[in-house]
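My questions all concern the structure below.
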Amino acid sequence: MKSAVTISLVEEARGGPFVLWDGLESGCRTARELGFDAVEIFTPAPDAIEPSMLRRLLDAEGLRLAAVGTGAGWVKHRLTLALPDAARRQAACDFIRQIIDFAGPFGAPAIIGSMQGRSGEGVDRPTALGYLADGLETLGAHAAQHGVPLLYEPLNRYETDQVTRVADGLALLDRLSTRNVRLLCDLFHMNIEEVDVAAALRCAGDRVGHIHFVDSNRRAIGFGHLDPRPVVAALREIGYRGYLSAEAFPWPDSRSAAEQTIRAFRYVTGVP
Ligand code: LER
Ligand code: MN
């Protein structure tokens, strides 16, 4: 298992659960100083980061790109894959596809979290879920062209009514003809929704594609009441070799949250 830390470049998301907030250069420097393997980036737009600049930065700091979030499509443009208007759904799909094309050459998957949307006026629940499945089908197949999966993230009940639990996430993936969509399991959401976080991970097995490594209160691991040991044991059992990526509040500040994460990562995984 490998460590990663989130960098948010989306000003509108200030106050949100991302660890590093002071730009790419500063974020990559902090990640390297603390010994993280990779960074996960929350980008404001598919073209907000010059790829050659990011490549130089990652190479210089000896880091990988773990994943790229697409949620700015929602935060900045109010787009989701479940909107009743077909043109707006297509715009959401285009936004995500362009982020897949940005991240793919780095070997990094894109994340669909808040872009999954929810039911509402003009879209009942089965219809919203059908729209989401259509989006995952198209975008999962598109990501395969880069040799990377697409990550789909169940969220807690206060953020979506599409899929909140791993079991329902697996059922959704089973509806697709593409096998290229994997689950992003966020321990904060799971702590709210699952009966047993470790058991849910065991159930997901090789469909687990990424982990948001965060405590029960969305602070860095160790600052809440989640016991990460059974979680990591379950991940070992299923042969998970991906990232434990810190998507947590910068509490009490960014540096302390990052330091706490890497300390906990080393302690619980035994990875130096
Ligand atoms: C995104 O990874 C996430 O966990 C959502 O809660 C976004 O707000
Ligand atoms: Mn998350």
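Every number here is computed from the coordinates shown, using simple stated rules; none is lab data. The model shown is predicted, which means the values in this text are computed figures rather than measured ones. Cβ atoms come from the backbone with ideal geometry, glycine included; neighbour counts cover every protein chain shown.
What is the fewest-to-most order of His146, His77, His212 by other Cβ atoms lying within 10 Å of their Cβ?
Ascending Cβ contact count within 10 Å gives the list His77, His146, His212.
Let me ask something else about it. Placing unit charges on C-beta atoms (Lys and Arg positive, Asp and Glu negative, everything else neutral), compute the dipole magnitude of region 2-269 about its Cα centre in debye, rounded to 20.
Once rounded to the nearest 20, the dipole reads 440 debye.
When the chain is treated as a GNM, springs tying every alpha-carbon pair under 10 Å, which of Met53, Met190, Met115 comes out with the largest mean-square fluctuation?
Top of the fluctuation ranking is Met53.
Sort out for me the Cα centre separation of region 1-32 from region 115-134, rounded to whole Å.
30 Å
Can you give the Rg and Dmax of region 62-201 based on its C-alpha atoms, in angstrom?
Here Rg and the maximum Cα pair distance are 14.3, 48 Å.
For region 43-50, what does the Karplus curve 6.51 cos²θ - 1.76 cosθ + 1.60, with θ = phi - 60°, yield as ³J(HN,Hα) per residue in whole Hz, taken in order and with x for Gly and Pro?
9, x, 7, x, 10, 6, 10, 6
Normalise the Cα radius of gyration of region 2-269 by 2.2 N^0.38 Å (N = residues in it) and let me know the number.
Normalised by 2.2 N^0.38 Å, the Cα Rg of region 2-269 equals 0.93.
Taking the Cβ-Cβ separation of Ala167 and Glu25 as r and a Förster radius of 45 Å, what is the calculated FRET efficiency to the nearest 0.05?
The calculated FRET efficiency here is 0.65.
Follow-up. With the crude spin-label approximation of a point 7 Å out along Cα→Cβ, what separation in nm comes out for Arg55 versus Ser177?
For the pair Arg55/Ser177, the computed spacing is 3.4 nm.
Could you list the trypsin sites (Lys or Arg not before Pro) in region 20-120 that lie in coil according to DSSP, counting only those with at most 15 other Cβ atoms within 10 Å of their Cβ?
Here the trypsin sites (Lys or Arg not before Pro) that fit, given the DSSP loop and packing criteria, are Arg78.
About its Cα centre, how strong a charge dipole does region 170-272 have in debye, to the nearest 20, once Lys and Arg get +1 and Asp and Glu get -1 at the Cβ?
Taking the Cα centre of region 170-272 as origin, the dipole is about 320 debye.
What net charge is computed for the residues neighbouring Glu33, neighbours being all others with C-beta under 12 Å from the C-beta of Glu33, Lys and Arg scored +1, Asp and Glu -1?
Surrounding charge for Glu33 is +1.
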